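A.B. asks: Sharing a structure with you now.
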Amino acid sequence: MADCGSEGVAVIGNTDITDEESQDNKNNMVPEGSPLVRKMEISVAEAEKRTGKNAVNMQETYTVYLIETRPADSVAEGHNPAPDSLWRRYSEFELLRNYLLVTYPFIVVPPLPEKRAEFVWHKLSADNMDPDFVERRRIGLENFLLRVASHSVLSNDKIFFHFLTEENGWKEAVFETGFQAKSDSRLKALNATFRVKNPDKRFSELKHYSDELQSVTSQLLRVRARVADRLYGVYKVHGNYGRVFSEWSAIEKEMGDGLQSAGHHMDAYAASIDDILEEEEHYADQLKEYLFYAEALKAVCRKHELLQYELETASQDLASKKQQQEEMATGTIRTFSFKGMTSKLFGQETPEQREAKLKVLEEQIKEGEVTVREKTSECEEFVRNAWKDIERFKEQKDQDLKDALISYAVMQINMCKKGIQVWSNAKECFNKM
């Protein structure tokens, strides 16, 4: 990293950070403590459809979700008090997450479940008011709250606690934080992405990995949707076996009972696909969570690029001011400038004018050095906090995806065993004819 007083461009993020430096981090946003999930039981117990007027006085139908909380110690002691409860709309969950993204830019903030169904197969409704979709979103919102409540930093945020416990006045408290004014514009972030000269290799690699993770999970979800379509058709076609066997049994005397029983097994097999694919949606939603987590990772990388760009800009401005100071002090101009041309055309400045300008430059240089030090400190702090949380996220991701894929494989094995059992039962029916 370039020294604050040098003329080189500052680079942050690639320096080794000791434990002592990490402990000296004076601006750690919120002191880390015990996660809220250890002190409070949190659930999204149910969803309810409501009708009312929106901001422009138009009638609309929307869904609200019941959040229930109770002290964890009371449950541990064998008591079962009535939970505190309140209703929240999906838009309020969005507001909470946006607040967390802006307030804790160094954290991989857990994503919300999808607002509208994606990667659906033909029998699955894409309507966001569909009861099955609303139920899956309820589960996703509960998972989001538990993720935040399990995080050592996010869970100790007062706004998050108010979200869980204060039905009225919560929105006002969020807006009073002024988080919207701190939000980085998309154009500003995009500008930093293309103009930063010395990106941190680790964050560049992480951004690339996020793109790849997004790509492979999207492909996996598309494949799964196509398989679900075909599997549904295969199972339902087995219902034709049931119909044919039943019709056949009506014209047979000795074989009738066996054919009828085999037909019942086929009907049950055809009907079982609905429960199977409903269970599959649970695993699909787990994959979708990490599809959306990829965007949260990229948000951390974009913030780092913006901080790096601001540091580089401040360093370049400081170097330019120092060069101007040197040129004025020595009377030599090292590079072509409009100022040099005017000096030749209209004559040199008087000593008094030069002295006044030198004083102004000295003040600007002092301010620039302070700015570079502040930007350097801000960037170093961001890297420390961000990389600590990224490591935490990597461990969580590896374990979650491993468990989800194993569970999905077990489900497929059980599904195949069920098919074998159906045909084994049918074989027994045929043997008894």
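A.B. asks: Do we find a residue being modelled with pLDDT under 90, open to solvent by 50 Å² or more (accessible area, probe 1.4 Å), in a helix (DSSP H, G or I) and charged (D, E, K, R) anywhere in segment 330-351?
C.D. replies: yes
A.B. asks: I need every pair where a residue in segment 254-270 that is aromatic (F, W, Y) has its Cβ under 8 Å from the Cβ of a residue that is at pLDDT 90 or above and open to solvent by 60 Å² or more (accessible area, probe 1.4 Å), sequence separation at least 6 or different chains.
C.D. replies: Close Cβ pairs satisfying both conditions: Y269/K418.
A.B. asks: Considering only segment 133-185, state which residues are basic (K, R) and within 17 Å of V109 (Cβ to Cβ).
C.D. replies: Of everything in segment 133-185, those that are basic (K, R) and within 17 Å of V109 (Cβ to Cβ) turn out to be R147, K158, K182.
Residue-by-condition table, conditions (1) touching a helix residue (DSSP H, G or I) at 6+ places or on another chain (Cβ under 7 Å); (2) surrounded by 17 or more Cβ atoms within 10 Å (Cβ to Cβ); (3) modelled with pLDDT of 95 or more:
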| site | (1), (2), (3) |
| --- | --- |
| L100 | yes, yes, yes |
| H122 | yes, no, no |
| R137 | no, yes, no |
| E142 | no, yes, yes |
| L145 | no, yes, yes |
| E176 | no, no, no |
| Q180 | no, no, no |
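A.B. asks: Give just the number: which of (1) among the basic types (K, R); (2) touching a residue at least 24 places away in the same chain (Cβ under 8 Å); (3) more than 30 Å from E395 (Cα to Cα) does K298 not satisfy?
C.D. replies: (3)
A.B. asks: Tally the residues that are open to solvent by 70 Å² or more (accessible area, probe 1.4 Å) and within 19 Å of the chain's Cα centre (by Cα), restricting the search to segment 197-210.
C.D. replies: So the answer is 3.
A.B. asks: Please pick out the residue among A117, A72 that is farther than 21 Å from I390 by Cα, out of contact with any strand residue (DSSP E or B) (no Cβ under 7 Å at 6 or more places or on another chain) and modelled with pLDDT under 90.
C.D. replies: Result: A117 is the single residue among A117, A72 that is farther than 21 Å from I390 by Cα, out of contact with any strand residue (DSSP E or B) (no Cβ under 7 Å at 6 or more places or on another chain) and modelled with pLDDT under 90.
A.B. asks: Scan (1) of a type in the set (K, R); (2) within 30 Å of S272 (Cβ to Cβ); (3) modelled with pLDDT of 90 or more for the single condition R392 breaks and write down its number.
C.D. replies: All conditions are met except number (2).
This table checks each residue for (1) over 21 Å from T165 (Cβ atoms); (2) of a type in the set (S, T, Y); (3) at pLDDT 90 or above; (4) in the same structural domain as V148 (by TED's automatic domain parsing).
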residue	(1), (2), (3), (4)
N14	yes, no, no, no
I17	yes, no, no, no
G33	no, no, no, yes
L36	no, no, yes, yes
M40	no, no, yes, yes
A47	no, no, yes, yes
G52	yes, no, no, yes
E60	yes, no, no, yes
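The values are calculated or read from the model by the stated rules, or taken from the named source; none is laboratory data. Keep in mind the model is a prediction, meaning the values are calculated, not measured. Heads up, the Cβs are rebuilt from the backbone with ideal geometry, glycines too, and the neighbour counts pull from every protein chain shown. What goes into the accessible areas is simple: the full protein's heavy atoms, side chains included, and nothing from ligands, DNA or RNA. Shrake-Rupley method; radii C 1.70, N 1.55, O 1.52, S 1.80 Å.
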